[in-house]
Every structure is written in C-alpha cells, then in structure tokens.
Amino acid sequence: MTRTAVLLFTRDLRVHDNPALAAACRDADRVVPLYVDDPARASNPNQRRFLLESLADLRRSLRDLGGDLVLRAGDTAEQVAAVRKETGADLVVCASDAGRFAAATLERLGEDVHVTPGPAVVEPGRLLPSGGGDHYKVFTPYWRAWSQVRWRPTASEPDGLRVPDLPDSHDLAPAEPTATDLPPGGERAGLARLDAWAPGSGDYGERHDDLAGDRTSRLSPYLALGCLSARAVAEDPRVSEDFVRQMCWRDFHLQVLAAFPALTDTPYRKGADDTWDADLTALEAWRTATTGVGIVDAGMRQLHAEGWMHNRARLITAGYLVKTLGLDWREGAAHFAEHLVDLDEANNWGNWQWTAGTGNDTRPNRGFNHERQAGRFDPEGAYRDRWSRA
Ligand code: FAD
C-alpha cells in the first residue's frame, strides 16, 4: 500500500540534517511538504521578512529534489487536516518544539503524528538532574551533562522526493520590516554565513564580549528558524568549545520552556520579587533609545537598525531596564520581540527572566552597573560611536 505523509515544516526550514524530512522520506512513499503561516505563532515584521526568504529558499531546495513546498495561511491544525484530506495522506510528520503555541498545536494535531527531534542539540527532557525534577534549573551542571551525552546521529538528506498531486498554495502576506539592515534568510545564506565565520572563530572565547569587535557568529536568526541545524553547527570541527558552550545555553532555555511554558509571562523562580515600577516616560525613553545613557541607547539603535543586538548589549540594555530603572521585564521582552530577527521564545523570555532575577540566575539579586559594563566591553567607545545616531 502506498503511504503518503504530510511533512509539516515548522522551525526546521532546511534540507540538511532534518530529522522530520528524513523520517517522512523513510516511512512514506510520497511526501507532501507543507508550511503553515499561523498568525498565532509569535513573530514580528523583521523576522517575517527573514521567514519569507527562508521559505523561498526551502521551496527551491525541495524543487531541486523533485518536490515542492505547499504554503498555507491559517490555523496550523486546521490546515494540516485540510491538506491531509486533499491528499489522502495517512501520516503527519513534524519536529518537536517547546512553548505554549507548539504544545497546543502538537496536541491538536492528534495522536497519530510522528514527532521527530526538534530545534535542540539534545532534546528537552532527555537530560534529568540526578537530584530529581523534570529539567535542569542551573546551567553549569546542565552543560556538564549536555557535553557528555551522545547527540543524535545526522539525519540523512534525501536524494529525491516523491510527491503526489499537490494541493494549491496560499499567497502569504508580505513582510514590512522596520529594520533596514537585515541578514538574508534561508538555509543557503545560513550555511554561507557559517562558512565565512567559522574558520576565523578561534578567538571566540576571548573576544565574544567585545562589543565593537563584533566577533560573534550572527547565526542566531538561522538557528531560530532552523535554517541551520544546531546539532550540525555545534559539531562543526571549525568551532571552539567556548562557542559550543554558548550554544548549550540555547538548549538550556529550551528545556526550561518545555517544563515551564508560562515563561513568557510568569516568574519562573518561586518566591521571586516580581514588583516593578510603572514609569511610562522612562520606558518610552528606553524603547526609543533616548535615555541619554550612551551604551544603552547604542544597543537599542542597533536593535532598531539591524533587528539584532550583540549579546553583551542585550544584557546591558535589559539590565538597565530592570535593575536600574526597576521596570517590568515583560515590557522589555515585548519590545525585543517586536524587533528581533532572531526572536526565539525560550531565548528571549528565558534571558529576560535571567536578567530580571526572576529566572535561572543563581545570583538573582546581583547589582548592575552599566558604566562599568561600558568601560569593560567598549573601552574605546567605538560601539557607542558606531551607534551614536539613529
Ligand atoms: P553567538 O555568540 O555566535 O552564539 C551562537 C549561538 O548560541 C547563538 O546564535 C544562539 O543560538 C546561542 N546563544 C548564544 N548566547 C545565548 C544565550 N545567552 N542564550 C541562549 N542562546 C544563546 N537569542 C536568540 O536567539 N533569540 C532571542 O530572542 C534572544 N533574546 C535575548 C534577550 C536577552 C535579554 C538576552 C540577554 C539574550 C537574548 N538572546 C536571544 C541570546 C543571545 O543574545 C543571542 O543568541 C546572540 O546575541 C545571537 O548572536 P550570535 O548568533 O552572534 O551569538
């Protein structure tokens, strides 16, 4: 009997090392590649531009393999059900993911869905702390366990794709980005970025906090939508252990989100002080890069221009909002979420809670001094100069 599988792409917009694609090709004779543009999925105009480019790139790759990509707009579960009916598919394959949207969608897709490994290097729930609990709450022991466990094998890339008569695609709404200097989306662009950056990345450990040096990989938008496989990047022989350790933070936050889906609006740490001021003028100044604090305004200008901000600047701007101004981390996270081309639920809200002291920081009450941070990580003021104007 011929088996037909709907292969639902989500945050795995690539053909290399894609477990869902490999499983669909292995378990079915014919595959219906599908992406559903679901308005319930958190995103923003900058990430949308990147997403549309990534989908175009994926479609090209699937066409090269003899297939295509069906694009639909609407509720994911409803669209999957419709495409299933239209193609007579007997199987749905998609990657796992964490967070309220992903969990609710997976549940609504029903029990007969084949769920494959998702965006993490090590799947959430696979590593459990020896002292008990369903996830790690502290990074260092997680990193120790993570770096010792065997990672999943590479998913094989198909050399061809057999598709049935495919249903029509919907036109997806165009993107109207707010940032002017966005990276190109897609698997090809991601692999090119990795190839350009990795060979010279030996000084990542010493220089990744150098704001003006801009020495980090800038792979985050590609990792957020799965244009790159996190496992393949972490296993790349050209990258250093310091870099791999940073990648591990991504898995750490994802396993926290999987265990605590309310991370986006509820303090993670029981008993955390979650009272904040409501100074709307100060909040607006922070949002519009007009606080008068050079290092903070520089970071916010980079965010608005590139839809991306250096990690150290994210820590400084976030620390200034929550610890210096005493304003609510939810407001800061929401503003970042409106602009970040690499928006990732676990990383954005996990890091905001970490900074606010309501999350996984083992020293939640530590102070924060933006002048000291500026002196240490932008000693010549070159980052502030670069972003001194909007
Ligand atoms: P590199 O230094 O080259 O690191 C490689 C990869 O490791 C990154 O692409 C990312 O996937 C992962 N990584 C690095 N640092 C972290 C970290 N602290 N936490 C989790 N993963 C990490 N990252 C996002 O991808 N999306 C977000 O929405 C996001 N929001 C953030 C909000 C705040 C307040 C803070 C402090 C950090 C946030 N980060 C977020 C984490 C980090 O700032 C970015 O991943 C990093 O700046 C991306 O640049 P890069 O790819 O050059 O990083």
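Here are the numbers for the structure shown:
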{"item": "Among residues of the range 335-350, those that are within 8 Å of the ligand (Cβ to nearest atom), more than 12 Å from S220 (Cα to Cα) and either surrounded by fewer than 23 Cβ atoms within 10 Å (Cβ to Cβ) or free of Cβ contacts under 8 Å to residues at least 40 places away in the same chain (or both), counted", "result": "2"}
{"item": "The range 286-315, residues that are free of Cβ contacts under 8 Å to residues at least 60 places away in the same chain and in contact with a Gly (Cβ under 8 Å, 6 or more places away or on another chain)", "result": "W286, M309, R314"}
{"item": "Helices (runs of 4 or more DSSP H) (entirely within the range 217-333) containing at least 1 residues that are more than 25 Å from F9 (Cβ to Cβ), modelled with pLDDT of 95 or more and away from the ligand (no atom under 13 Å from the Cβ)", "result": "241-259, 280-287, 294-306"}
{"item": "Residue match in the range 65-87 (condition: modelled with pLDDT under 95, assigned by TED's automatic domain parsing to the domain that holds A23 and under 23 Å from V15 (Cα atoms))", "result": "no"}
{"item": "Residue list for the range 30-50, restricted to those being more than 15 Å from the chain's Cα centre (by Cα) and either part of a loop (DSSP other than H, G, I, E, B) or among the aromatic types (F, W, Y) (or both)", "result": "Y35, D38, P39, A40"}
{"item": "Filtered residue count, the range 180-198, keeping only those that are more than 11 Å from the ligand (Cβ to nearest atom) and either surrounded by fewer than 20 Cβ atoms within 10 Å (Cβ to Cβ) or more than 30 Å from A73 (Cα to Cα) (or both)", "result": "9"}
{"item": "Qualifying residue in the range 199-214 (condition: of a type in the set (A, V, I, L, M), under 21 Å from D344 (Cβ atoms), in contact (Cβ under 8 Å) with a residue 40 or more places away in the chain and more than 14 Å from the ligand (Cβ to nearest atom))", "result": "no"}
{"item": "Test: residue in the range 181-192 that is outside the structural domain of H339 (by TED's automatic domain parsing) and without any contact (Cβ under 8 Å) to a residue 24 or more places away in the chain", "result": "yes"}
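The values are calculated or read from the model by the stated rules, or taken from the named source; none is laboratory data. Keep in mind that this is a model prediction, so the values were computed, not measured. Neighbour counts are summed over all protein chains in view; Cβ atoms, including those assigned to glycine, are modelled from backbone coordinates with ideal geometry.
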